[in-house]
Amino acid sequence: MEINNDSNSSNLLDNDSNLSADLLDILNSLSNTFINEINFTSFEDLFMLIEEAYWYYIDIYLVQNTRLPKPEFPIFAEMILKNNERLLPLHEALLSTSSYFDMNKKFEKFKRLIPRYGAIILNKEMTKVVLVKEQWWGWGFPKGKGKEGETETKTAAREVFEEIGFDISPFIRKDAFIQKEHRGVTKKFFIAVGVDELTDFETHTRYEISRIKWHNLEDIPLFQSRSSHQFAAIIPYIKQLLSWIENKRRESGMEPLLFKNQNQRGLEFEEDNDSSFHYRWSAGNNQNKKIKDFISKREDESELILQNELDEIQLQEYINNFKSVLKEKDKQYLHSLNQPLPISHRNQNRNQHQQQQQQQNYLKQHQQFNPNTMVQPIMYINSNNIPNGQFFVNK
């Protein structure tokens, strides 16, 4: 979980007296609402219910009363079980086998394998799409984890409503979707066409979604690059989505999509004999074979990128940028070796030489000059800090 602790939240469980009467009432209300049973086949099933209670606490109670603590999820899980007489046996059973933080690590791994369902929401012309920006990630389609007993479309509608406050049920068709699977994780997005661009969206998950915005499809990159990491989660879906849109527009008698920056994106639509659309690289874009092979490779790589890998993308981007800076500095240094000293450096060397010459002239005037009996003048990095004529001789 990504909610930061208050300074006292980590000590909440050290002494039950720290829990106010209001907080205890909230915990009991949440446990009675979200945890109706005490028989679970695994702690993951229990934690799924506790997580729902946790986000309700964060999104509702914490907004109403900012003086309430903001614990991490493992601390909250222990709080809600430990302080409810009905759930106390569960707390004791869990604590006898592992710590809450260790269980949370296993729970996070478990959640990554749960299928995600959501929606690709398009306007009537199918030229714009609704994207949500998560608090610590980039732009993506609204989505969420499925629940036991829910249909795929019901999960998608519920999760979309939680994230943008809009019911897409009337717009969903079971046969219109894009689905991808990687490393055992399924993500399925139903395509909802015809949503009004003037619709007021409002998230019900304040700590998860920071922005909701219509995006022009032509502005969304098709391939991974240093500048496209904000769209990394959806790039693998865009080409298939554009192909679906082209077929849909053709069936409806609409004009083909003509993007203003189509040449910059390096693609065009081409209809083959079986009336399916695919992409081919446009001629006349000055792209040689090496560039095409490189882009094709990036296209294949983009299929492997999932939402939970965005942190690796951003870290790699930072590393690559840092390496580029180092290379540029190395080039500048090597270039400087073959260049004359800057005027400021030449002036500094000239001043040092003049100062040494003045010192030697002074010695010649006041004593028999003997280089063997003279201690060399003290050399400073910054000659401006040296009093004129400062030197030392052996007595």
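By the count of neighbouring beta-carbon atoms within 10 Å, fewest first, Thr186, Thr153 end up ordered Thr186, Thr153. Summing +1 for each Lys or Arg and -1 for each Asp or Glu among the other residues whose beta-carbon sits under 13 angstrom from that of Leu95 gives -2.
Local charge for Met254 was computed over the other residues whose Cβ lies under 14 Å away, with Lys and Arg +1 and Asp and Glu -1, and equals 0. State which entries of Lys239/Lys323; Lys82/Lys180; Lys133/Lys248; Lys70/Lys128; Lys105/Lys188; Lys70/Lys147 exceed 29 angstrom in Cα-Cα distance in the structure shown. Where the Cα-Cα span goes over 29 Å, the pairs concerned are Lys239/Lys323; Lys82/Lys180; Lys70/Lys128. Between the range 52-83 and the range 192-243, the C-alpha centres lie 30 angstrom from each other.
Computed from the coordinates by the stated procedures, all read-outs in this text should not be read as laboratory data. Predicted model, so just to flag it, every value in this text is computed and none were measured. Positions of Cβ are backbone-derived with ideal geometry, glycine not excepted, and every protein chain shown enters the neighbour counts.
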